[in-house]
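The values are calculated or read from the model by the stated rules, or taken from the named source; none is laboratory data. Given the structure is predicted, the values throughout are model-derived calculations rather than measurements. All Cβ positions, even for glycine, are placed from backbone atoms using ideal geometry, and neighbour counts span all protein chains on display. Just so you know, the surface numbers come from the protein's heavy atoms only, side chains and all, with ligands and any DNA or RNA stripped out. Shrake-Rupley method; radii C 1.70, N 1.55, O 1.52, S 1.80 Å.
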Amino acid sequence: MARPRILVINPNSNPAVTRGLEEALKPLGFEGGPELVCQSLAEGPFGIESQADVDGVAMPLRKLVEGDNSSAAFVIACYSDPGLQVCREGTNRPVFGIAECGVLTALARAETFGVIAIAQRSIPRHMRYLRQMGLTERLAGERPLNMSVAETASGEGTLAKMIEIGRALRDEDGARAIVMGCAGMARHRRPLEDALAIPVIDPTQAAVTMALGTVQFSAH
């Protein structure tokens with residue numbers, strides 16, 4: 001019997017981000033469990049860094065989801081959750097957004113959470129989403145790295161900057177857990193958590209963990 005597949009879609013076309021996702025998700029693979037497949041969206045921009053980028057990938061994502069008859073669940077691996085609702089309309093299989101899952105996981109670990117954003121202009125977009133979720137009262141703060149998605153995925157000095165921002169969120173804003181606000185940050189989760197000594201949530205790991213539970217329980 002074929003293993004069920006969870007398709008993790010990187011909505012940008014940067015292969016370094018997709019490779020980082022594959023590496024970050026390795027601990028979630030287990031014998032006999034669902035197959036985890038990471039895929040870039042060929043039509044996507046090199047980095048999703050604006051509302052125009054978010055809106056522009058929504059329908060290509062839906063087309064990809066609708067045309068996939070093999071996957072048991074889908075994860076949209078971008079912190080803006082682009083196309084999440086329109087993809088859910090296009091399939092009866094579960095679709096997870098990493099921002100939604102990352103924040104919900106943080107709330108299960110701590111009373112307040114902070115978010116490390118890639119750029120200042122990302123923050124209003126994230127705040128709109130948190131207001132829609134009704135969770136702004138639990139947000140201690142959100143601070144930007146002011147880097148590109150590509151820089152967070154492979155640039156030098158990214159971790160040091162994340163530690164600096166994470167300490168400010170913890171010590172000045174009162175965050176008791178940190179959510180990394182970009183899929184490109186995946187490789188920095190463990191060293192960041194070691195440095196901050198509070199929970200650090202990689203939202204893609206959080207979303208895939210939820211997808212794994214959903215797929216496993218539906219199969220048994």
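Taking the Cα centre of the chain as reference, the dipole from Cβ charges on Lys and Arg (+1) and Asp and Glu (-1) amounts to some 240 debye.
Per residue, how many Å² of accessible area does the chain show with a 1.4 Å probe?
Numbers: 9820 Å² over 220 residues.
About 45 Å² of surface per residue is accessible.
The alpha carbon radius of gyration of the chain, expressed as a multiple of 2.2 N^0.38 Å, is 0.95. The longest part of the chain holding none of the exposed loop GluC sites (Glu not before Pro), meaning those outside H, G, I, E and B in DSSP with at most 15 other Cβ atoms within 10 Å, is 44-110.
Taking 0.36 nm per residue of sequence separation and removing the Cα-Cα distance, the MET127/VAL37 pair yields an extension gain of 29.4 nm.
Counted residue by residue at 0.36 nm each, then reduced by the alpha carbon distance between them, the extension gain from ARG3 to SER50 reaches 13.3 nm. Relative contact order of the range 100-202, taken over Cα pairs closer than 8 Å and 6 or more residues apart, is 35 percent.
Set Lys and Arg Cβ to +1 and Asp and Glu Cβ to -1, take the dipole of the chain about its Cα centre, and tell me which of THR105, VAL86, PHE217 lies farthest positive. Toward the positive end, the furthest listed residue is PHE217.
Helical content of the chain, expressed as a calculated mean residue ellipticity at 222 nm, amounts to -13500 deg cm²/dmol (DSSP H runs of 4 or more residues, -39,500 (n - 2.57) each, divided by residue number, nearest 500).
Each label was represented as a point 7 Å from its Cα along the Cα-to-Cβ direction; for ASN69 and LEU107 these points are 3.8 nm apart. Positive end of the dipole of the range 100-202 (Cβ unit charges, origin at the Cα centre): among VAL200, GLN120, ALA175, the Cα lying farthest that way belongs to GLN120. Consider all pairwise Cα distances in the range 100-202 and report the whole-number % of them above 22 Å. The share of Cα pairs beyond 22 Å in the range 100-202 comes to 19 percent. In the chain, the portion of solvent-accessible area held by carbon and sulfur atoms comes to 50 percent [1.4 Å probe, whole percent, DNA, RNA and ligands not counted].
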